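Q: Got a structure here, written out as C-alpha cells. Questions coming.
Bear in mind these aren't lab numbers, they're just calculated from the coordinates by the rules spelled out. No experiment lies behind these values; they were computed from the predicted model shown. No Cβ is skipped: glycine too gets one built from the backbone with ideal geometry, and neighbour counts run over all protein chains shown.
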Amino acid sequence: MNKILIIIKREYLQAVKKKTFLVMTILGPILMAGLIITPTLLANYGKDNQNIAVLDESGLFSKLNSPNDKSIHFTYVDKDLLVLKKELIDKKYDALLYIPYNSTTLGGMIYSTSSLGTGVISSVLAAMKRDLSNEILLNEFNISQDSLNMYIENQTNKIMLGQTFIDKNGEESKKASYLKEIQLVIGYISGILIYLFIFMYCSMVLRNVLEEKTNRIVEIIVSSVKPIQLMIGKIVGVALIGLTQLMIWIVSLVIILGVVRSSFPEMFEKNNTPIAVSEQMPTDYYKYTPSDSQSGINVNESIVDNEFVTSLMEINFVYLILFFLFFFVTGYFFYASLYAAIGGAVDNDTDTQQFMLPLTLPLLLTFIVSQYIAENPDGTLAFWFSIIPFTSPIAMMIRMPFGMEAVQSWEIILSCSLMVLGCVASAWIAAKIYRTGILMYGKKITYKELWKWIRYKN
Amino acid sequence: MNIVEAHDVTKLYGDFRALNKVSISVKENNILGLLGPNGAGKTTLIRIINHITFPDEGEIFFKGEKLTQEHVAQIGYLPEERGLYRKMKVGEQAIYLAQLKGMSRQDAITKLKYWFEKFEIASWWNRKVEELSKGMQQKLQFIVTILHQPKFFIFDEPFSGFDPINVNLLKNEILELKKNGASIIFSTHNMASVEELCDDIILINKSEKILEGGLREIKNQFKQHLFEVVFTASTEVELASLLPNDFHIESIAAYDNVFTALIKVEHTSANDLLTALLPYVSIQGFQEIFPSMNEIFISQVNKMNPMNN
C-alpha cells in the first residue's frame, strides 16, 4: 500500500510540475467557456426566421412588415385565439402576436412556449410602432403634419406589448421557464466534462505507461512492486492530477460567481420585480388603461436573468453533483484501466492506434447521439446507452438533469451497478494484459495475443 | 546453505514452454553464472526468482522459505532491459527507486551520496537523466540495485554499454560484494567475464538445463587432454615419427628454433608424454590446455541444435 502511495506521489508531482499542466489549467476553462457560450450565442443571434403568427383584431396593424433584421417573419392568420394557442403548442409557429380590438389602448401580447431569443420582443415592438404610424397616416387621419407627428408620437409611446408563456398543457404564465434549457445545458456540460476528462487523462495514462515501457524502466520497478500496484498507482495518480485541475476550475468559478454576485446582487434575488412589461400588465388585457402605460414599452432584460435564476433553483444540484462525481470517477477508471492495458501491451505510439479505436468510438458515438438522448431522455436509445459502461457516464449525465420523470430509480441503480461491475471487469482484464505486456518487447500484438494473455493463469 | 533454490520450475506461455523442469541452487557467498543462448529461458527464470512472474509448476525457496513478495526487498536485481525516467532528475529518481525498495527517504539520500561520490557522478545529482551518457546511466542503475544492501543479487548483462575502465570498476564492485558475503546470479554472454567471476555455472538451452556445476569441474569435465609443449630443438625434429601412437599432434608452430606443439594424449598420461619427448628435445614449458567457457558453451549448445553445425 505504501509503495502505491510512493508511485502516486511521483506520478502526481511529475505532472503537476510540468508547464503543460499550468497551461491546461488556464486554457481549460477558456476552451470550455467557448464550447458552451458559442452555441448559446449562435442559438440566440443566429435563430433564423422566427415565424410569428399575427392575429390582429384591431385592424390597425394589418400590414405589419417584417422587422429590418429579417430574422422575424410575420404570418397573418385569421383563426380563433384558442385554436392558435393550440397550434403554438404544436410548434406550428415560434410565437403568436395577438392584437385585440380596443378603443383606449394600443398593443398586444406575445405568446410563446419557451423564451424567445434576445431582442425578438423589441424587434416586434419596433415593427409595431413603425407600421402603426403608416396605418394611421394612410387610413384614419387627415390632419396637419405637426399634429400628426405629435399624435403618432403620443400613440406609439403608448403601444404595449406583453409576453405570456404557454406550457405543454396550455397553462399560461408570465414567467418564462428556462428549466428545459438549463437541464440541457447542465447535461451537456457534465457530458462534455466527462468526455474531455476521459480523453485527456486516459491518454495521459496511456502515454505514461508507454513511456515506462519504452524507457525500459518498468522491469526495474516491477522488481520492487507488483505490476498491479504500478498500474493502480499510475491510474490513481493521473486521476488526482485531473481532480486537482477540476478543483482549481471549480474554485475559480465559485470566486468568479461570488464577485459577480456582489457586483450585481439584484440578479440573484428570487422575487425581485423589475419594471417590466410582463409583470405590470394584468392578465386581463382589456382592463389595461393608458395611464399605467408609461413604462410599458421598456422591455427590461433583467427579468430574464431573474427567471433564469429561479429555474436554476428548481434543479437538485446536490443530487446531480453526487452522480456527476460518481460517473466522472467510474467512467475514468473504466477507461483508464483499458488505456493502461493498451499502453502495457504495445511497443510504440503507432501500434496504439488499432486498439484505441474501439475505446474512442463508444464515447464519440454517445456524443453524437447525445442530442437525441437529450430530446428524449426517457427513450429506448437513452436507456441502452445509459446501461452500457462504455457509454453510460456521458449518457446518464445528459439524462440526469431531467429528473426522476426521465430516469427512474431502478434505471439509476442498474446503470450505477453495471458501471461498477464494468470497472471491476476492465481492471481485471487490464491487470492481466498489463502484467504480461509490460515485460514483452518487439512482438507484434494482436487481439488474439491479448486474449491469450488474459487467459494466462499467472 | 543455499540462498536460493528453484525446484523443477516449469513456465508456460500458452503452448510455449519457456522453462521445463529447471532446478537451480545458488550457494551462499558464491557467484553463479547463468548462461544460455538468446531465448533459452534465462530471463524468465530470473523473473520468476524476482517474483515478477510465477511458475506453472515447481517452487522457489529463498533462504529456505517459500518465495513471497516480502523477500523481494532482499534481492538486488539489475535487469537486462533497464532504463530510467528520462525527464526526472538523477537524484530524485534514485531516491524514488530506493523508496520503492522500502528505504526511507533520509536513509536513501545518505547512502546515495556515498555511492555517487564513489562512482564520481555526484555533480550530476540535479541534472536530468536524459543529459547523462549511457555509461553514467548504467552506473546509476547499478547504484540503485545495490543501495538497499541486500545479500543476494541478480545481474543480467551488467557490463553492456560500459567502457573497459568502467567494466573493471564494476567487476571490482561485484567481487567486493562477494567478499562481503553476498551471493550473486550473474547472467551474461560474455564468457571471459564468466571465467573471471563465477564459481558455479548453469547452462540453459531451449528451456532446459543442460549443464551445471563448478567452473573448474566443468572445464575439467570437458577437457580434451590437450597439452601445450614449448621446446627447443637444434634441428628440425620429426616429432610425429618419434612419438608412440598414443600421442596425436594437433598443431605445431616454430619461431626460430623454439617450437610450440599442441599434443593430444590418449590412453596414457602427461608423464608418459614428457618421458617420450625428453630424449629428443629440451622442454621450456609444459601445461594442460582446458577448454574455455566459450568453447564449452558453443559445443554444448550446438550439440542440441544439429542444424547449426
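Q: Would you mind calculating the relative contact order of the range B:224-289 from Cα pairs under 8 angstrom and at least 6 residues apart, reporting the percent as a whole number?
A: It rounds to 51 percent for the range B:224-289.
Q: For A:CYS423, B:CYS198, A:CYS416, A:CYS202, what's the fewest-to-most ordering of other Cβ within 10 Å of each Cβ?
A: A:CYS416, A:CYS423, B:CYS198, A:CYS202
Q: Okay, moving on. List the aspartates and glutamates whose Cα lies under 13 Å from the Cα of A:LYS129, skipping any in the same chain that are fewer than 8 positions away.
A: Those aspartates and glutamates meeting the cut-off are A:GLU153.
Q: Let me ask something else about it. Which of the peptides B:182-188, A:243-249 is most tightly packed, and how do the rest follow, judged by the mean count of other Cβ atoms within 10 Å per residue?
A: B:182-188, A:243-249
Q: Same structure, new question: Ignore the peptide's own chain and count Cβ atoms of other chains within 10 Å of each Cβ in B:10-20; give me the average, rounded.
A: Whole-number average of other-chain Cβ neighbours for B:10-20 is 1.
Q: Run the helix sum for chain B: -39,500 (n - 2.57) per DSSP H stretch of 4+ residues, divided by residue count, reported at 222 nm to the nearest 500 deg cm²/dmol.
A: Calculated from helices alone, the mean residue ellipticity at 222 nm is -9500 deg cm²/dmol.
Q: While we're on this one: Treat the count of other C-beta atoms within 10 Å as a stand-in for reagent exposure and order A:ARG261, A:ARG207, B:ARG82, B:ARG47 from fewest to most.
A: Going from least to most buried by this count: A:ARG261, A:ARG207, B:ARG47, B:ARG82.
Q: Taking 19 Å as the cut-off for C-alpha to C-alpha distance, list the pairs among A:LYS18/B:LYS113; B:LYS219/B:LYS303; B:LYS118/B:LYS139; B:LYS11/B:LYS178; B:LYS89/B:LYS113; A:LYS17/A:LYS234 that go past it.
A: A:LYS18/B:LYS113; B:LYS11/B:LYS178
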